[in-house]
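What follows is calculated from the coordinates using simple rules that are stated; it is not laboratory data. Not measured: the values here are computed from a predicted model. Backbone-built Cβ (ideal geometry, glycine too); neighbour counts: all protein chains shown.
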Amino acid sequence: MADAGPDGQGRRVELSGVPETLLWNLYMRAAEARRPRTVLDDPKAVELVDRIDYPFEETFGAPGPLLAQGHALRVRTFDAAVRAFLAEHPDGTVVTLAEGLETQFWRVDNGRARWLGVELPETAEVRRALLPDEERRRTLARSALDLSWRDEVDPAHGVLITAQGLLMYLRPAEVRDLIAGCAERFRGGALVFDAVPRWFSARTMRGEMRTAQGYRTPPMPWGMDAGELPKVRTAHPAITDVREVPPPRGRGFYYGAVAPLMRWLPAVRNLRPTMTAIARFS
Ligand SMILES: C[S@@+](CC[C@H](N)C(=O)[O-])C[C@H]1O[C@@H](n2cnc3c(N)ncnc32)[C@H](O)[C@@H]1O
């Protein structure tokens, strides 16, 4: 990552492979946040996109309003889970695996929670440069698969772990070990994660998901259909409940009426490109 000018503007970000995907997520959040009747209030994401020197549009294309809103509604699903946790555990710890340049902390912070991001070293470097650590919020440069990150978590006031946009990039056995590792250590806690359906995973594995600009989505080896959700419990005996967390209703006919119905219809629920779920440990 190249340095920026003294005003911090125009900071060049050079990432590739899975780490680069964080820029797509950031771009979508910012695009939705800029809309007049937005479903996501995220001024920090807008600020970051403006500060970063990266060819967003040339790489990912113009952010279609449907795509950006869909992404923002998924983000809101995670926000709601974190807010619900903090309402019960105001001094709790939120662990964000693969945090990328997520700006969720600024959307949900209650002024008391502890926040620990766990990121690959190359991404952690970018995040710390753009969003320096603070007293209650820090980034650990470590793979989420190196379970030693658990030793950095203070479990005294409750723990919620999130894995937004991570598990699909891992191999199935890695996903299982990571979920089991969370359940084993954080009894009474929970993991919020998202998953892509099997058809979507298969398309990325064949290299078929690409933008008109030629950007190719990295392979997503782990896919899980909605009907398979109960299987997550078999990863560890401490997992006592696994359920889908529905996204909020959005703007317009599709996200306001069609999408909320889709999860109830077995024939079409797996056509949704992602699903968010929570696994509780006891
Ligand atoms: C799609 S981005 C998601 C970023 C962020 N959660 C968001 O929603 O904007 C994927 C992220 O996974 C991170 N990542 C990939 N493998 C990882 C691993 N083994 N441990 C921690 N982070 C990982 C990448 O660095 C990247 O930030």
Subject >> Antiparallel %, DSSP beta bridges [both residues in region 66-281], to 5 >> reply: 40 percent
**OP:** Over all alpha-carbon pairs of the chain, lay out the pair-distance distribution in 5 Å bins, whole %, shortest bin first.
**Re:** 1, 5, 12, 17, 20, 19, 14, 8, 3, 1, 0
**OP:** Using the Karplus curve 6.51 cos²θ - 1.76 cosθ + 1.60 with θ = phi - 60°, work out ³J(HN,Hα) for each residue of region 252-266 in order, rounded to whole Hz, and write x for Gly and Pro.
**Re:** x, 5, 5, 7, x, 10, 6, 4, x, 7, 4, 6, 8, 10, x
**OP:** Would you work out the relative contact order for region 133-245, in percent, from Cα pairs under 8 angstrom that are 6 or more residues apart?
**Re:** 26 percent
Subject >> Overall dimensions of region 1-96 as given by Cα atoms, namely Rg and Dmax in Å >> reply: 15.2, 43
Subject >> Selection from G256, T276, T234 lying farthest towards where the dipole of region 228-282 points positive, charges on Cβ >> reply: G256
Original post:
Once phi is turned into ³J(HN,Hα) by the Karplus curve 6.51 cos²θ - 1.76 cosθ + 1.60 with θ = phi - 60°, what whole-Hz value does each residue of region 98-115 show in order, with x for glycine and proline?
Top reply: 6, 6, x, 10, 4, 10, 4, 3, 6, 7, 10, 4, 10, x, 10, 5, 9, 9
**OP:** Assign unit charges at the C-beta atoms only (+1 for Lys and Arg, -1 for Asp and Glu), then state the dipole size of the chain relative to its Cα centre in Debye, rounded to the nearest 20.
**Re:** 1140 debye
Original post:
Among 22-33, 133-144, how do they line up from the highest to the lowest mean number of other beta-carbon atoms within 10 Å?
Top reply: 22-33, 133-144
Subject >> In sequence order, calculated HN-Hα J values of region 158-166 (Karplus, 6.51, -1.76, 1.60; Hz; x Gly/Pro) >> reply: x, 9, 10, 10, 10, 9, 9, x, 10
Original post:
Pulled fully out, how much extra length does the chain show between E88 and R187, if you take 0.36 nm times their separation in residues and subtract their Cα-Cα distance?
Top reply: 34.1 nm
